1. Restricting to region 188-238, count the residues that are closer than 21 Å to Gly164 by Cβ, out of contact with any Phe, Trp or Tyr (no Cβ under 9 Å at 6 or more places or on another chain) and not in a loop (DSSP other than H, G, I, E, B).
2. Here are some conditions: (1) assigned to a helix (DSSP H, G or I); (2) more than 21 Å from Ile215 (Cβ to Cβ). Ser146 meets all but one. Which one does it not meet?
3. Going through Val32, Val11 one at a time, which residue ends up being in contact (Cβ under 8 Å) with a residue 40 or more places away in the chain and of a type in the set (A, V, I, L, M, F, W, C)?
4. Residues being out of contact with any Leu (no Cβ under 7 Å at 6 or more places or on another chain) and either within 16 Å of Ser86 (Cα to Cα) or surrounded by 15 or more Cβ atoms within 10 Å (Cβ to Cβ) (or both): count how many of those fall in region 58-71.
5. Report, ordered by the first and then the second residue, all pairs with beta carbons closer than 8 Å, sequence separation of six or more or different chains, a first member in region 128-157 that is modelled with pLDDT under 95, and a second member that is hydroxyl-bearing (Ser, Thr, Tyr) and in a loop (DSSP other than H, G, I, E, B).
6. Please go through region 87-98 and pick out each residue that is more than 16 Å from Gly142 (Cβ to Cβ) and either under 24 Å from the mean Cα position of the chain (by Cα) or basic (Lys, Arg) (or both).
7. From Ile135, Ile110, which residue is assigned to a strand (DSSP E or B), under 19 Å from the mean Cα position of the chain (by Cα) and surrounded by 15 or more Cβ atoms within 10 Å (Cβ to Cβ)?
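The values are calculated or read from the model by the stated rules, or taken from the named source; none is laboratory data. All values derive from a computational prediction rather than experimental measurement. Cβ atoms come from the backbone with ideal geometry, glycine included; neighbour counts cover every protein chain shown.
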Amino acid sequence: MNLSGQNALVVGGGTGMGEAIALAFAAEGMNVAIAGRRQEKLDAVAAQSAKPMLTKTADVGDRESVRELFEWFAGEHDRLHVLVNSAGVNIPKRSMSELAPEDWDKLMRINATGAYNCLHYGLPLMRPHKEGLVINISSIAGLRASHLGGVAYNASKFAMNALGTSAAGDELPNNIRITTICPGEVDTPILDDRPEPPGPEHRATILKAEDIGQITVAVAKLPPRAHIPELTIKPTSQLFV
């Protein structure tokens, strides 16, 4: 399906996978808006775009901020074709013995409740048109809990996956598709938050943000009759158990 002329909002589009997705969408001729917490990061992404890109600061963990984001988007475009939820964070102290309650709250607020907030305000822009696509960028940690992801991150991503599956069922009468993409290791800034960040040799063997951009475009190009509920992509070198 030709994406040219369609409208997309990429939440978390200022860095990492969200940045790569936004630029890949723009290269396909889409009208792309990106949202994130830091205006300077959004401006840097927009400067790389193949076509003009709208930017708006927003905090997915703040419901009022998300409401304002979608009101702003509705004022800029007559409809929302594709919504990407790619905002996500992790922390260095990840084990149950180290995890502080405030860090648990932070990860759940951004990774899980943030996705809910975007669905809550984004889906009403799609329902009147009886069509739309939501792509949630989750993680392989939402499929298989591991020590690497940590307690709070794993739980938040399991929640995000369940949210996408449940909401997709509810939106079947509206022909709105929700796809959850679960990447394995990707060379993005979130790796710097690991207790021991990987070095250049390891980073060279794992996925790049551009790989997620390409697979997201492939999902978006499917015709409305086709729906991928969940998609896992991992580095060739990463074990999947």
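1. Residues that pass the stated criteria total 12.
2. Exception for Ser146: condition (1).
3. Val11
4. Number of matching residues: 9.
5. His147/Ser95; Gly149/Ser139
6. Ile91, Pro92, Lys93
7. That would be Ile135, the only listed residue that is assigned to a strand (DSSP E or B), under 19 Å from the mean Cα position of the chain (by Cα) and surrounded by 15 or more Cβ atoms within 10 Å (Cβ to Cβ).
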